[in-house]
1. Under the condition of being within 16 Å of the chain's Cα centre (by Cα) and assigned to a loop (DSSP other than H, G, I, E, B), which residue from the range 138-183 is surrounded by the most Cβ atoms within 10 Å (Cβ to Cβ)?
2. Cβ-Cβ distance below 6 Å, separation of 6 or more or different chains: which pairs start in the range 63-88 with a residue that is in contact (Cβ under 8 Å) with a residue 40 or more places away in the chain and in a loop (DSSP other than H, G, I, E, B) and end on one that is polar (S, T, N, Q) and buried (at least 24 other Cβ atoms within 10 Å of the Cβ)?
3. Since L50 meets every condition but one in (1) part of a loop (DSSP other than H, G, I, E, B); (2) under 16 Å from the mean Cα position of the chain (by Cα); (3) within 19 Å of V111 (Cα to Cα), which condition does it not meet?
4. Name every residue in the range 254-282 that is of a type outside the set (S, T, N, Q), in contact (Cβ under 8 Å) with a residue 40 or more places away in the chain and not in a helix (DSSP H, G or I), in order of residue number.
5. Suppose we filter the range 184-208 for residues that are of a type in the set (S, T, Y) and part of a helix (DSSP H, G or I); how many remain?
6. Taking the range 96-114, which residues are assigned to a loop (DSSP other than H, G, I, E, B) and more than 19 Å from H60 (Cα to Cα)?
7. Across the range 192-229, what is the number of residues that are in contact with a Cys (Cβ under 9 Å, 6 or more places away or on another chain) and of a type in the set (S, T, N, Q)?
8. Could you tell me which numbered condition G37 fails, if it satisfies all but one of (1) modelled with pLDDT of 95 or more; (2) on the phi < 0 side of the Ramachandran plot; (3) over 20 Å from the mean Cα position of the chain (by Cα)?
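The values are calculated or read from the model by the stated rules, or taken from the named source; none is laboratory data. These figures come from a predicted structure and were not determined experimentally. With ideal geometry, Cβ positions are generated from the backbone for all residues, glycine too; neighbour counts draw on all protein chains shown.
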Amino acid sequence: MGMLINGQWSTKWYEPDAKGHFVRSVTQFRDWITADGSSGFAAEPDRYHLYVSYACPWAHRTLIVRKLRGLESVIPISVVDPLMFDEGWAFSDNPGCVPDPISAAPFLRDVYTRAVADFTGRVTVPVLWDKRRGTIVNNESLEIVRMFDTAFLEAGLGDPGVCFYPEALRAQIDQTVEAIYQPINNGVYRAGFATTQSAYDEAVHALFDALERWDAVLAVQPFLCGDVVTEADWCLFTTLVRFDLVYHLHFKCNIKRIADFPSLSRYLRDLYQIPGVAGTCNFDHIKEHYFRSHPSINPHRVVPAGPASFL
């Protein structure tokens, strides 16, 4: 993974806590785009550029909402190579990748130092870049999704009939997103990157307890917050769609598959079949990234052939 320290690249990996728990770094760019520009960042076409990885579930959220809200012509993207080695996320001309058109940067870390020359922190996706001010606006996935759902909608950009953060459900959406984050979204990483048995056991059992809970909720309603698809569903979807493909084996999340949960598996298929969603899913990138970019877990970087079916 690596990180920048005072603008200089280091191959330093995440450090677990004293009990072997994986500790995720906090994102640091947290500016906000508003419809009227009162924040200093106005929602307008062709001003922003989105850097993503098809492999990353956090970046995948932004790709889905960008697609379904009709913002593809408003916010262009670059896609990093799925393989992340000692140099971190890199740009390439490999299939499915889109190089950086702004400064032809070879690595995503160059985008970060273009914004803050002495930046210290992890270099992660997604990244929302402001071409006018020449800086990163935000690198927190949920906040980028929220801006696509509010500021760009209020500015009349994208499909006016699509919003995944309706006002009447906002409190419930916020509560649901928070409820699934630690045990499920982050839970697969807490299991996969645990460095002690106790840390792994804690994470994996919390993960499957949460999956059982939401499987029961989805047995009586189609989506997490009721009858409509919301941001909460896309937050869960991007973890579920990777689960049987990589997390079950690679991160040792193998108590059950999503295919073994009747309601979660139905829900996953229903979301995947929404027009436009399948095009945001690049399963080759997902498998290549996870199985070849984590030598501490898979030192020979062998990519498994299966599963034959997981949706």
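1. Among those residues, the one meeting the criterion is N139.
2. Hits for this filter: V80/S53.
3. Failed condition: (1).
4. Just the residues of the range 254-282 that are of a type outside the set (S, T, N, Q), to begin with: 255-262, 264, 266-272, 274-279, 281.
After this cut, where a residue has to be in contact (Cβ under 8 Å) with a residue 40 or more places away in the chain as well, the list is 255-259, 261-262, 264, 266-271, 274, 276-277, 279, 281.
Answer for the range 254-282, where residues must be of a type outside the set (S, T, N, Q), in contact (Cβ under 8 Å) with a residue 40 or more places away in the chain and not in a helix (DSSP H, G or I): I255, K256, R257, F261, I274, G276, V277, C281.
5. We begin by selecting, within the range 184-208, every residue of a type in the set (S, T, Y); these are 189, 195-196, 198, 200.
Applying the additional criterion that residues be part of a helix (DSSP H, G or I) yields 189, 198, 200.
Count: 3.
6. Of the residues in the range 96-114, the ones assigned to a loop (DSSP other than H, G, I, E, B) are 96-97, 99-106.
Once the filter is applied, which keeps residues that are assigned to a loop (DSSP other than H, G, I, E, B) and more than 19 Å from H60 (Cα to Cα), the range 96-114 yields P101, I102, S103, A104, A105, P106.
7. Final tally of qualifying residues: 0.
8. (2)
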